[in-house]
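Read through the structure below, which is laid out as structure tokens, and then see the notes.
Values quoted throughout were computed directly from the atomic coordinates according to the rules given, and no laboratory measurement underlies them. Predicted, not measured: the structure shown is a model, and the values here were computed from it. Please note: Cβ atoms are built from the backbone with ideal geometry, for glycine as well, and neighbour counts cover all protein chains shown.
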Amino acid sequence: MLYLLDYGAGNIQSLANSLTKLGHEFAWVQTPEDIMRADALLFPGVGSFGCAMEALHSKGFVEPLRAYIASGRPYMGICVGMQVLFEGSEESAGVAGLGVIPARAERFSTTDGARGARKAVPHMGWSKAELVEWGDGEARAALGARYGLSASAPRHYYFVHSYRVPFCEGVRDWALATTQYGDETFVSVVQRGNVFATQFHPEKSGRAGLALLDAWLSRTQVEPPSARHAVPTPASARAPTRRIVACLDVRSNDDGDLVVTKGESYDVRERAPEAGAAPVRNMGKPVELAQRYYEEGADEVAFLNITSFREWALGDQPMLSLLNVAAATIFVPLTIGGGIRDFTDPDGTFHPALNVAHAYFRAGADKVSIGSEAVYAVEQVLARAGGALSDPAAAPAAALQGDTGIEQISHTYGAQAVVVSIDPKRVYVEADAEVPPAHAASLVAGVDERPATAGQPARWWYQCTVKGGRELRDIDAVQLARGAERLGAGELLINSIDRDGSNNGFDVQLMDLVRGAVNIPVVASSGAGCVQHFTEVFAKRSSAHGAPIEAALAAGIFHRREVSIADVKAGCAQAGYDVRLD
């Protein structure tokens, strides 16, 4: 019997869904004895190395795991389930791993030394796993094929991690595939004897990932250990593909049904008729649209909950049911946004933000997106820092007390699980006026887009909002971005109230302003109207200090079939950008 080890962190439901999709039966590891009963063992993991090892120790799983691996029965690890095989990780000093492989995980550098360019950490997105080179080429290709890996046509898989195991002497007999990120070559697949593990998430890697999982699950014998003395294959790419994200704004309409809607400057209602209230703009059913986007090649799907559902208890939230259904058939990353905050049920039961996030992860989400609560958290950091400090990234350690949802979720599930969604609005500064000193870093110059003065030279800064853009706060986009990174966010979703629903293109100045201020990935949002808008936002510009925009999101043009995801990817590929086409 195949056993699936769940130590309590992250989205394990998607892996269970993958096994069901592939027709494989499995049981859950409940006790240490279950590990020793297993004929095959699958151990996925997300979050920090230290939290994973602490959970394994607390459940009494460490020694049974070592004994199981030593027994020669098949083991597959995913992400942290691979990293725990090593001696330890820079992420959690002093915490020992299982010690099966003599090497350690280290943090990615935020610079590409060979090119002098900046590099986002976490490494997030779709990269190739390239078979290492050793001995007989035919034997190498055959071994890779038995594990679903192609020697001649490496496929893209979904990675999301801040720590990696560099290719070194200790892994030469273990490494089966490597991946390049900037000037760093790291081990992305290990295999020796009964042990097989991937740094990427096959359950989130679409058809390629499902094929790899099925190859391992369908094996009838264990490979005998062999001395490979491998060397990395020269990489065909130095960075993940540019990601195309399909977004679905979900809310209840006036009849109480969950629908996908789309706003114009965040207004989701149609123009009001002469009599009566304007209805909510209805773009379709959430799960059906999400399934369509998965089949059309979306690299990620984001569900943004723009209705509070405060009348529902946490366990009965409609978005949890939606995620459960969507995750059963969609095998790319799913992000859920809206409502990730401290929550009280109608009966008075209190749930901290960490527990709310946990419920969404268990339902099938891979990342949670935090909006207004992130603004309040960064404001709190600045208030605790006191004085005239305007950069939250420079706040003393005492200003971060681990009491925000961002910090708690990041610590438990890893930075890669936390997206902060920024909703800024342009604040124009007239020629004879001064920008507030605290917001000078957010000041840009360009072409005025206000109807009365359109086309004129202008200056403005980007003021952040909360409550769906309805309330302005005294904090700018750069402050929020840098504060979110300091608190532990692993990705930023940058919206633009001014461009939302306009089809006039992304606010490139806003995207570059934020990307140049942080070392975490940025997803551009708001304003896409054609393929060219995607190639424009992906272009390298000095205003972002050499850092690329990693992903771009669209909603309305996909909902209305004005532009397809395939069109966007074809256009990006023609413009020279690497995109996932498999």
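Using a Förster radius of 41 Å, what is the FRET efficiency between GLU295 and GLU434 based on their Cβ-Cβ separation? Nearest 0.05, please. Can you show the working numbers first?
Numbers: r = 53 Å, r/R0 = 1.28.
Result of the calculation: an efficiency of 0.20.
Structural descriptor for the chain: relative contact order 13 percent, calculated from alpha carbon pairs under 8 angstrom and at least 6 residues apart. When only alpha carbons are used to place a centre, the stretch 63-77 and the stretch 393-449 end up 46 Å from one another. Among the listed values [x] 158; [y] 198; [z] 227, the one matching volume of the Cα convex hull per residue in Å³ as calculated from this structure is [x]. For the stretch 406-437, the residues whose backbone nitrogen is under 17 Å from a point 7 Å from the Cα of GLN456, taken along Cα to Cβ, are 427-434. When the GluC sites (Glu not before Pro) in the stretch 431-514 are filtered for DSSP coil states and for at most 11 other beta-carbon atoms within 10 Å of their beta-carbon, the remaining sites are GLU434. Rounded, prolate or oblate, given the Cα gyration tensor of the stretch 437-556, with a/c below 1.5 counting as rounded? It is rounded, given that a/c, with a ≥ b ≥ c, falls under 1.5. Evaluating 6.51 cos²θ - 1.76 cosθ + 1.60 at θ = phi - 60° for every residue in the stretch 411-417, the Karplus couplings come out as 5, 7, 10, x, 4, 5, 8 Hz, glycine and proline recorded as x. Only Lys, Arg, Asp and Glu carry charge here, each on its Cβ (+1 for the first two, -1 for the last two); on that basis the stretch 243-574 has a dipole of about 480 debye about its Cα centre.
Please work out how much length the chain gains when fully extended from SER71 to LEU2, using 0.36 nm per residue of separation minus the C-alpha to C-alpha distance, in nm with one decimal. Show your work: numbers first, answer last.
Values: separation 69, 0.36 × 69 = 24.84 nm, distance 1.53 nm.
Stretched out fully, the SER71 to LEU2 stretch lengthens by 23.3 nm.
According to the square roots a ≥ b ≥ c of the eigenvalues of the Cα gyration tensor, what is the shape class of the stretch 404-495, taking rounded for a/c under 1.5, prolate for a/b larger than b/c otherwise, and oblate for the remainder? It comes out prolate by the Cα gyration axes.
Using the Cα centre as the reference, give the magnitude of the dipole from point charges on the C-beta atoms of the stretch 410-497 (Lys, Arg: +1; Asp, Glu: -1; all else neutral), rounded to the nearest 20 debye. Before the final figure, lay out each step's value.
Values: 9 positive and 11 negative charges, 48 e Å.
The calculated dipole for the stretch 410-497 is roughly 220 debye.
In this simple spin-label model, placing a label point 7 Å from the Cα along the Cα-to-Cβ direction at both ALA55 and THR111 gives a separation of 3.6 nm. Between ASP448 and SER543, the FRET efficiency from the beta-carbon distance, with R0 = 22 Å, is close to 0.75. The sum of -39500 (n - 2.57) across all DSSP H runs of n ≥ 4, divided by the residue count of the chain, sets its helix-only mean residue ellipticity at 222 nm to -7500 deg cm²/dmol. Rounded if a/c is under 1.5, else prolate if a/b is larger than b/c, else oblate: which is the stretch 243-574, with a ≥ b ≥ c the root eigenvalues of its Cα gyration tensor? Rounded is the answer for the stretch 243-574, as its axis ratio a/c remains below 1.5. Measuring r between the beta carbons of ASP342 and HIS24 and using R0 = 45 Å, the FRET efficiency lands at 0.70. The stretch 40-61 and the stretch 123-155 have Cα centres spaced 27 Å apart. Charge dipole of the chain (Cα centre as origin; +1 on each Lys and Arg Cβ, -1 on each Asp and Glu Cβ, all else neutral): 1040 debye, rounded to the nearest 20.
Modelled label positions at ARG207 and ARG470, each set 7 Å beyond Cα in the direction of Cβ, lie 4.5 nm from each other. Projecting the Cα atoms of ALA70, CYS168, ALA208 onto the dipole axis of the stretch 2-217, where Lys and Arg carry +1 and Asp and Glu carry -1 at the beta carbon, places ALA208 farthest toward the positive end. Considering only CYS464, GLY386, GLY527, and ranking their Cα positions along the charge dipole of the chain that arises from unit charges at the beta-carbon of Lys, Arg, Asp and Glu, the one farthest toward the positive end is GLY527. Available extension along the chain between TYR376 and SER152 is 75.6 nm, counting 0.36 nm per residue and deducting the alpha carbon span.
Model label sites at ALA398 and SER564, defined 7 Å from Cα along the beta-carbon direction, differ in position by 6.1 nm.
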